[in-house]
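A.B. asks: Encoded as structure tokens, here's the structure I'll be asking about.
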Amino acid sequence: MSTPTSPAEHGEYSHKQILTILSGLMIGMFLGALDQTIVSTSIRTIADDLDGLSIQAWVTTAYLITSTIATPIYGKLGDLYGRKNLFLFAITVFIIGSAACSFATSMYMLAAFRAFQGLGAGGLFTLALAIVGDIVSPRERARYTGYFMAVFGTSSVAGPVIGGFFANSTSILGIAGWRWVFLVNVPIGIAGLFVVSRTLHLHSTRRAARIDWWGAAALVVALIPLLTVAEQGRDWGWASGRSLACFVIGVAGVVGFVLAEWRMGDNALIPLRIFRIRAAAVTIVASVIVGMAMFGGITVLPLYMQIVHGATPMKAGLMMLPMVVGMMSASIFAGQVTSRTGKIRIFPIIGSAFATVALLLLSQIGADTHLVLVMAAMFMFGLGLGQCMQPLTIIVQNAVPPSEIGVATSSATFFRQLGGTLGVAAFLSILFSTVGDNIKTAFSSASRTPAFNQALHDPTLLSNPTNAQVAQGLKHPSSTGGIFDSVQNNSSVINKMADVFAHPFKVGFAQSMDSVFLIAGCISVLAVAVLLLMPKVELRATSASAAARAQAQGVEPPPVDVGL
């Protein structure tokens, strides 16, 4: 007789059981998703308090390196030894790391604790998605994608709002406001531990296999320098000695990783044979490209709201709602259609096309574009992302044998995150390398208007120190120009200026952001082309857990269509 939270004898779960299990999984995913947005909103306040503004990027880089490296390791270990205890371990590490971050007394200490926190974060997404693959068939899995998009959407809006609230609070219960950015993870994580431990009962068979230590070591050698230069290259200079050294070591690590995976065969962290499965190969390549375009757009949009429209981080988070609504609506629609018809191949293609059109529309916005038009394009962008993220995960899980769902899920997540990291680094580099010239051009155009020239000699306006500094920089560009340099490091200065002086800055930033959106749109076109190579996808009607039980009982599961 099965318990309310245990699978039936045939290995399938009821809808009620699945929802109960999902509640715990979504808490874990929410932790990881919220942490990324809540910290980015408050990092400047944290850096100011710890006297480490110049090294704040290392806090992000440390977390990014460990979470990215851990992702494929969690996927492989989950396939070998089962996922429940591993998921509980990941949440525990994340909770301990979060609590430790709240006690940091320097930016270097915070970076070290964030690196430890990232070791847990690397398992939150990939294990949760793989567990869903264990308990729900690919066809029925689409019904539950709306729940996951709700997690991403809620964190996208709640993260900046909560982060802004904590960052703006001097003290809460006698503790510095920014420390609650990390402390808030502790009760949420404990709740997740309790729910998962009580509700998640998986049938897992431990498999004997060699541990791919050489592959893991090569992955560390490859990713640490490449992710570091991706985050720091703009400040170091892409052709500097440190950057070139990182590139050389990283490439050597990539070569070593490929050789290690080839040698390990089926025991590899990312078995190379999954790239011979056409659906999996197309999905992984598309994940890199979609990750670049997706994270590039998501990173720049809040900057546009804050810099060009003067929104606070909290308000900018709320302004992302149209994109979130689009993501959730498209995800739910695609999930329902897939569940009823079994058709899923078309959705990533349509989604990437929607995202392309949206990014190209966003490349036309300016400093004076009405927010309604911007939000309409954001909604379309969300419609595109909602049809790409979960369908791609389901396709790659369906493409591999049930025993390798963890590897497939972690591979798609890993490459999407890697593409996103490289995309964000490249797009921010484009943004800040072009904004200076665009601001100068905007001021040159503004200087030909009578209103601007009158403002340059208006004693009332020039009584404001910030306005006076702008005027001084324009009159004596060779002797001073500090305001033009400082704006690129602290854009909040723009909000302290009179509109007549602030507008050229906003025009310059908007033009640079247009370049980013245009390039992201062109990359998204490439995603459409790659996804058109996707073979026909026939979703399995049984869960991985049921397939594993059938195989254990000597019943062969249906063959996997490799698409070649």
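A.B. asks: Pull up the cross-link candidates among the lysines for residue 76, meaning alpha carbon to alpha carbon under 17 Å and not fewer than 8 places away within one chain.
C.D. replies: Straight-distance partners of residue 76: 84.
A.B. asks: Can you list the residues, at least 5 places off or on another chain, whose amide H is less than 5 Å from the amide H of residue 172, using H built in the peptide plane?
C.D. replies: The list, which skips near neighbours in sequence, is 177.
A.B. asks: Quick one: give the max-minus-min coordinate of the C-alpha atoms of region 228-295 along each principal axis, largest first, in Å.
C.D. replies: For region 228-295, the Cα extents along the three principal axes come out at 40, 31, 13 Å.
A.B. asks: Okay, next question. Find how much the distance from residue 217 to residue 239 grows on full extension, using 0.36 nm per residue of separation minus their present alpha carbon separation; answer in nm with one decimal. If you can, show how the numbers build up before the last one.
C.D. replies: Numbers: separation 22, 0.36 × 22 = 7.92 nm, distance 2.67 nm.
Here the segment from residue 217 to residue 239 would lengthen by 5.2 nm.
A.B. asks: What angle, in degrees between 0 and 90 and rounded to the nearest 10, separates the Cα long axis of helix 107-135 from the longest principal axis of the Cα atoms of the chain?
C.D. replies: On a 0 to 90 degree scale, this one is about 40.
A.B. asks: While we're on this one: Pairing the Cα long axis of helix 278-303 with the longest principal axis of the chain, what angle in degrees results, from 0 to 90 and rounded to the nearest 10?
C.D. replies: 30
A.B. asks: Considering only 40, 185, 392, whose Cα is most displaced toward the positive end of the charge dipole of the chain, charges sitting on Cβ of Lys, Arg (+1) and Asp, Glu (-1)?
C.D. replies: Value computed over the given set: 392.
A.B. asks: Quick one: what are the phi-derived ³J(HN,Hα) couplings along region 153-168, Karplus 6.51/-1.76/1.60 with θ = phi - 60°, whole Hz, x for glycine and proline?
C.D. replies: x, 4, 5, 5, 8, 5, x, x, 5, 5, x, x, 4, 5, 5, 7
A.B. asks: Related question: To the nearest 10 degrees, how steep is helix 56-81 against the longest Cα principal axis of the chain, on a 0 to 90 scale?
C.D. replies: Result, in degrees: 10.
A.B. asks: Whole angstrom only: what separates the Cα centroid of region 124-178 from the Cα centroid of region 346-377?
C.D. replies: Measuring centre to centre over Cα atoms gives 25 Å.
A.B. asks: What FRET efficiency comes out for the pair residue 451/residue 89, r = Cβ-Cβ distance, R0 = 51 Å, nearest 0.05?
C.D. replies: Taking R0 as 51 Å, the efficiency between residue 451 and residue 89 is 0.20.
A.B. asks: Let me ask something additional. Quick one: 276, 179, fewest Cβ neighbours within 10 Å first, how do they rank?
C.D. replies: Numbers: 276 12, 179 18.
Lowest to highest Cβ neighbour count: 276, 179.
A.B. asks: What's the local net charge at residue 352, with K and R +1, D and E -1, over the other residues with C-beta under 15 Å away?
C.D. replies: Taking every other residue near residue 352 into account, the sum is +2.
A.B. asks: Using just the helices of the chain, give the 222 nm mean residue ellipticity in deg cm²/dmol: DSSP H runs with n ≥ 4 each add -39,500 (n - 2.57), and the total is spread over all residues, rounded to 500.
C.D. replies: After summing the helix terms and dividing by the residues of the chain, the value is -25000 deg cm²/dmol.
A.B. asks: Run the Debye formula on the Cα coordinates of region 1-210, all scatterers equal and no solvent, and tell me log10 I(q)/I(0) at q = 0.10, 0.12, 0.13 1/Å.
C.D. replies: The calculated log intensity ratios at q = 0.10, 0.12, 0.13 Å⁻¹ are -0.45, -0.63, -0.73.
A.B. asks: Given 147, 194, 135, which one lies farthest toward the positive end of the charge dipole of region 124-257, if we put +1 on the Cβ of every Lys and Arg and -1 on the Cβ of every Asp and Glu?
C.D. replies: Of the listed residues, the answer is 135.
A.B. asks: Within the set of other residues whose C-beta is less than 12 Å from the C-beta of residue 263, count the net charge using Lys and Arg as +1 and Asp and Glu as -1.
C.D. replies: Value of the local net charge: -2.
A.B. asks: Now, a different point. Report the convex hull volume per residue for region 131-189, counting only C-alpha atoms, in Å³.
C.D. replies: 80
A.B. asks: Also, quick follow-up: Considering the convex hull of the alpha carbon atoms of the chain, report its projected area averaged over all viewing directions, in nm², one decimal.
C.D. replies: Details: hull surface 106.5 nm².
Mean shadow area of the hull around the Cα atoms is 26.6 nm².
A.B. asks: Another question about this same structure. Using Cα positions and a limit of under 25 Å, work out the lysines in reach of residue 440, with same-chain residues fewer than 8 apart set aside.
C.D. replies: Those lysines meeting the cut-off are 475, 496, 506.
A.B. asks: Region 28-153: percent of C-alpha pairs farther apart than 25 Å?
C.D. replies: Values: 2341 of 7875 pairs.
Here the long-distance tail beyond 25 Å is 30 percent of all Cα pairs in region 28-153.
A.B. asks: Ok, one more. Based on the Cα gyration tensor of region 142-270, what are the three equivalent ellipsoid semi-axes, each the root of five times an eigenvalue, rounded to whole Å and given largest first?
C.D. replies: Each semi-axis is √(5λ); the values are 36, 29, 14 Å.
A.B. asks: To make sure I understand, if each residue's beta carbon is the centre and we count other beta carbons within 10 Å, what order do 49, 134 fall in, fewest to most?
C.D. replies: Least crowded to most crowded, the residues run 49, 134.
A.B. asks: Count charges around residue 122 for me, please; just the other residues with Cβ under 15 Å from its Cβ, Lys/Arg as +1, Asp/Glu as -1. Before the final figure, lay out each step's value.
C.D. replies: Working: positive: 76, 83, 114, 416; negative: 35.
Every neighbour counted, the sum reads +3.
Read-outs: derived from the displayed coordinates by stated rules, not from any lab. Quick caveat, the model's predicted, so the values are computed rather than measured. Glycine gets a Cβ as well: all are built from the backbone with ideal geometry, and neighbour counts include every protein chain shown.
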